[in-house]
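Colleague: Sharing a structure, written as structure tokens. Questions coming.
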Amino acid sequence: MTDAIRRHDPLVRGFASDNYAGVHPEILQAIALANGGHQTAYGDDVYTAALQEVFGGHFGPAARVWPVFNGTGANVVALRSMTAHWEAVVCAESAHIHTDEGGAPERSAGLKLLPVATPDGKLTPELIDRQAWGFGDEHRAQPKVVSITQSTELGTLYTPEEIGAICDHAHELGMVVHLDGARATNAAAALDVPLRAFTTDVGVDVLSFGGTKAGLMFGEAVVVLNPGAVRGLRYLRKSAMQLASKMRFVSVQFEALLAGDLWLRNARNANAMALRLADAVRDVPGVEISRPVRANAVFAILPGDVTERLQKRFRFYTWNEATGEVRWMTAFDTTEADVDAFAAAVAQELGSPA
Ligand SMILES: Cc1ncc(COP(=O)(O)O)c(C=O)c1O
């Protein structure tokens, strides 16, 4: 028994972020399973050893997995290992590494980011070329990595072919490709393809694989698909403060997520709830669904006063103050009843019959 007190209502769910969700019960069970006794610290434990095979099953036997604490850490460690001090990373202007990591890639990895404006959060070979130039010019930070996000920060998806074209282009330029897969499971579920279809099979060199949004308590992983693309990961993970001493508890969560189909069940639910929400509000006068709904994000434009009233009832973020665009995220634990209640509230605040 515990002396802790439950201080929240576990039935209240919002649409602010997939990070607002709790931990999937099967993950909690796995953590309990790994508890007790002593295991060697810092990753030399039986759960972390088993993880190589689990990731190998998804990404191919050559894949090497490096568990870390969080997504910013995964990105920083991955990108640092892929660049020399004079090299730079081409990314979309909307990339999490550029907009939402507090400058960690610049401050902590000392990286130069070369952002490109995109209409939908997706890079293309043509867009990459806006920044991939000046090779050999000592005055310009040397473009070395193309970093893309799947699914993107704007809820859009790359097809495997689109990522393949990016990888081919980057490799022709002597560059390597990093994929921020904080929501890779949502992408695979939405595309109905295995995780390797848009990573290993099309030439991605390194990925940051997301666990937290997929149902873990915490934990992400750097997955190296091309060992020639990285240097010193073992040391960089520690110096970036991402080496967990009790790593077995990160690793066992990933085993629970990926050894069976939990990852797919969770991602499918989150995606299905986003579609259900978009469908429920699409025809409500005053709502404009502003981007294609491909994974577990819905973007919509609403009158500002409606957003304000709704935010008093449900948690969600305004994405763009100027346009009135809001972002609604669904999670592995979002229910049909959650979506229906929220959609009814949207209709009510807009004065439409539910
Ligand atoms: C695209 C993307 N990358 C990475 C992350 C990981 O961030 P964190 O450092 O919060 O785990 C997130 C989380 O919101 C994200 O959306």
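Okay, residues lined up against (1) among the aliphatic types (A, V, I, L, M); (2) surrounded by fewer than 20 Cβ atoms within 10 Å (Cβ to Cβ):
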{"residue": "Ala21", "(1), (2)": "yes, no"}
{"residue": "Leu33", "(1), (2)": "yes, yes"}
{"residue": "Gly36", "(1), (2)": "no, yes"}
{"residue": "Val46", "(1), (2)": "yes, yes"}
{"residue": "Glu53", "(1), (2)": "no, yes"}
{"residue": "Gly56", "(1), (2)": "no, yes"}
{"residue": "Gly73", "(1), (2)": "no, no"}
{"residue": "His85", "(1), (2)": "no, yes"}
{"residue": "Val90", "(1), (2)": "yes, no"}
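Colleague: Out of the residues in region 103-128 that are free of Cβ contacts under 8 Å to residues at least 40 places away in the same chain and assigned to a helix (DSSP H, G or I), which is surrounded by the most Cβ atoms within 10 Å (Cβ to Cβ)?
Modeller: So, considering only residues that are free of Cβ contacts under 8 Å to residues at least 40 places away in the same chain and assigned to a helix (DSSP H, G or I), the one surrounded by the most Cβ atoms within 10 Å (Cβ to Cβ) is Pro105.
Colleague: Ser239 - would you say it is under 18 Å from Ala109 (Cβ atoms) and surrounded by fewer than 21 Cβ atoms within 10 Å (Cβ to Cβ)?
Modeller: Yes.
Colleague: Now for a different question. Looking at (1) among the β-branched types (Val, Ile, Thr); (2) in a loop (DSSP other than H, G, I, E, B); (3) closer than 30 Å to Asp44 by Cβ, find the lone condition where Val252 falls short.
Modeller: Only one criterion is unmet by Val252, namely (2).
Colleague: Which residues, counting only those in region 208-221, are within 8 Å of the chain's Cα centre (by Cα) and more than 9 Å from the ligand (Cβ to nearest atom)?
Modeller: Phe209
Colleague: Checking Asp205 against (1) within 14 Å of Leu79 (Cβ to Cβ); (2) within 11 Å of the ligand (Cβ to nearest atom); (3) out of contact with any Asp or Glu (no Cβ under 6 Å at 6 or more places or on another chain); (4) of a type outside the set (A, V, I, L, M), which single condition isn't satisfied?
Modeller: For Asp205, the exception is condition (2).
Colleague: I'd like to verify a number: residues in region 174-192 that are open to solvent by less than 10 Å² (accessible area, probe 1.4 Å) and among the β-branched types (Val, Ile, Thr), how many?
Modeller: 2
Colleague: So, of the residues in region 140-173 that are aliphatic (A, V, I, L, M) and open to solvent by 10 Å² or more (accessible area, probe 1.4 Å), which turns out to be nearest to the ligand (Cβ to nearest atom)?
Modeller: So the residue we want is Leu154.
Colleague: Return the residue satisfying two criteria in turn: it lies in region 60-95 and is of a type in the set (A, V, I, L, M, F, W, C) and under 19 Å from Gln253 (Cβ atoms), and of such residues it is nearest to the chain's Cα centre (by Cα).
Modeller: Looking at the filtered set, the residue picked out is Ala74.
Colleague: Take Asp201 and tell me if it is of a type outside the set (Lys, Arg) and at negative phi.
Modeller: Against the criterion (of a type outside the set (Lys, Arg) and at negative phi), Asp201 qualifies.
Colleague: Given region 1-102, what helices (runs of 4 or more DSSP H) lie entirely inside it while holding 2 or more residues that are within 16 Å of the ligand (Cβ to nearest atom) and among the β-branched types (Val, Ile, Thr)?
Modeller: Correct list: 71-82, 96-99.
The values are calculated or read from the model by the stated rules, or taken from the named source; none is laboratory data. Since we're looking at a predicted model, the values are computed, not measured. When we count neighbours, we look across all protein chains shown, and the Cβ atoms used for this are built from the backbone with ideal geometry, even at glycine. Ligands, DNA and RNA are stripped out before the accessible areas are found, and what is left, the full protein with its side chains, is counted by its heavy atoms. Shrake-Rupley method; radii C 1.70, N 1.55, O 1.52, S 1.80 Å.
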